[in-house]
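Asker: Here's a structure for you.
The values are calculated or read from the model by the stated rules, or taken from the named source; none is laboratory data. Please read all numbers here as calculations on a predicted model, not as lab measurements. Don't worry about glycine lacking a Cβ; one is built from the backbone with ideal geometry, like all the others, and counts go over all protein chains shown.
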Amino acid sequence: MNYARTALLLAAMTGLFLGVGYLIGGQSGMVIAFLIALGMNLFAYWNSDKLVLRMHGAQEVDARSAPDLYATVTHLAERARLPMPRVYIMQNDQPNAFATGRNPEHAAVAVTTGLLQRLDEREVAGVLAHELAHVRNRDTLTMTITATLAGAIGMLGNFAFFFMGSRDNRDNPLGGIGALVAMIVAPFAAMLVQFAISRSREYEADRVGAAICGDPMWLASALAKIHNTALGVDNPAAEANPASAHLFIINPLHGRAVDGLFSTHPSTENRVRRLQELAETMHIEPAPRRGPWG
């Protein structure tokens, strides 16, 4: 369901990009904007993991420095049939976590000290399983494609400003109105589609993460606890770099994380409800009674 929704949203983003190019009437400008946006996002795709980990002060740990955390990630990666990711800890009292990396072979998962202190072992496992689901689903690639298209649409919107003053714009079927739509409406629409794709990927990571850890209620309990605590605990690094907020399992900023047009995350209430429903219906092999949580 969520894979199909993501595909439809990506198709809508592509169609929006082509439509904006048609409104402006300049195919060459459309190609230039796409290539610039693609170059910017390819750079981010190859380097964003290092940048975001440094941005949040994440320190890499191993089996010696964080034995329980490392053992949990190792066991979950085996269950997910993924290469062992690098493991990081962020010195931050807000309970939260994220995954990054351009593919499963270059993945990293990072958790805050607040998450390790406030959640029990099963809840930590649920959170880590969610992040490994992002790795397995290659959501970094999906969001890079989305960002490329959204960035290209935004650039076309900027180009439209110059087309508005051009009298000789015979390729534009709507003239100044078309340029105005491209300049104002299209970037706004692209942003909404981008947010919708991000929310869709969170729901899918919840579902796959529940299967990886073996019990949806581990993640449901963790989400509720993180949400209630994060509302009252600042995350200075995230507040200083709000563009990275969509990476976290729960919105680290102190805005309302509702299931609305302008949210990168689904509402926690909806996520917990879906996991509760999943727990009632799914029939999978339970997690073995071994490892750091049992």
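Asker: With the structure loaded, tell me whether Glu78 is under 17 Å from Cys213 (Cα atoms), buried (at least 20 other Cβ atoms within 10 Å of the Cβ) and of a type outside the set (A, V, I, L, M, F, W, C) or whether it fails that test.
Answerer: When the stated conditions are applied, Glu78 does not pass them.
Asker: Of all residues in the stretch 102-129, how many are closer than 21 Å to Glu78 by Cα and either basic (Lys, Arg) or surrounded by 21 or more Cβ atoms within 10 Å (Cβ to Cβ) (or both)?
Answerer: 13
Table: residues versus (1) under 30 Å from Trp218 (Cβ atoms); (2) at pLDDT 70 or above; (3) hydroxyl-bearing (Ser, Thr, Tyr).
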| position | (1), (2), (3) |
| --- | --- |
| Val135 | yes, yes, no |
| Ala150 | no, yes, no |
| Leu156 | no, yes, no |
| Arg167 | no, no, no |
| Arg170 | no, no, no |
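Asker: Sticking with this one: Report, ordered by the first and then the second residue, all pairs with beta carbons closer than 9 Å, sequence separation of six or more or different chains, a first member in the stretch 115-126 that is closer than 11 Å to Asp68 by Cα and modelled with pLDDT of 95 or more, and a second member that is acidic (Asp, Glu) and surrounded by fewer than 16 Cβ atoms within 10 Å (Cβ to Cβ).
Answerer: Listed by first residue and then by second, the contacts come to Leu116/Asp68; Glu121/Asp68; Val124/Asp68.
Asker: Which residue out of Glu239, Glu204 is part of a helix (DSSP H, G or I), modelled with pLDDT under 90 and of a type in the set (D, E, K, R)? Full working, then the answer.
Answerer: Numbers: Glu204 fails: modelled with pLDDT under 90.
Residue meeting the stated conditions: Glu239.
Asker: Further question: Please work out which one of (1) under 30 Å from Val208 (Cα atoms); (2) at pLDDT below 70 is the condition Leu23 fails and give its number.
Answerer: (1)
Asker: Considering only residues that are surrounded by 15 or more Cβ atoms within 10 Å (Cβ to Cβ) and not hydrophobic (A, V, I, L, M, F, W, C), look in the stretch 42-56 and name the one that is modelled with the highest pLDDT.
Answerer: Let us first name the residues in the stretch 42-56 that are surrounded by 15 or more Cβ atoms within 10 Å (Cβ to Cβ), namely 44-45, 48-49, 52-53, 55-56.
Right, trim to not hydrophobic (A, V, I, L, M, F, W, C) and you get 45, 48-49, 56.
On the way: Tyr45: 72, Ser48: 73, Asp49: 81, His56: 92.
Out of the qualifying residues, it is His56.
Asker: Let me ask something else about it. Considering only the stretch 68-89, state which residues are part of a strand (DSSP E or B) and farther than 15 Å from Val127 by Cα. So that I can check it myself, show each step before the final result.
Answerer: Quick first cut of the stretch 68-89, residues part of a strand (DSSP E or B) only: 86-89.
Selection gives Arg86 alone.
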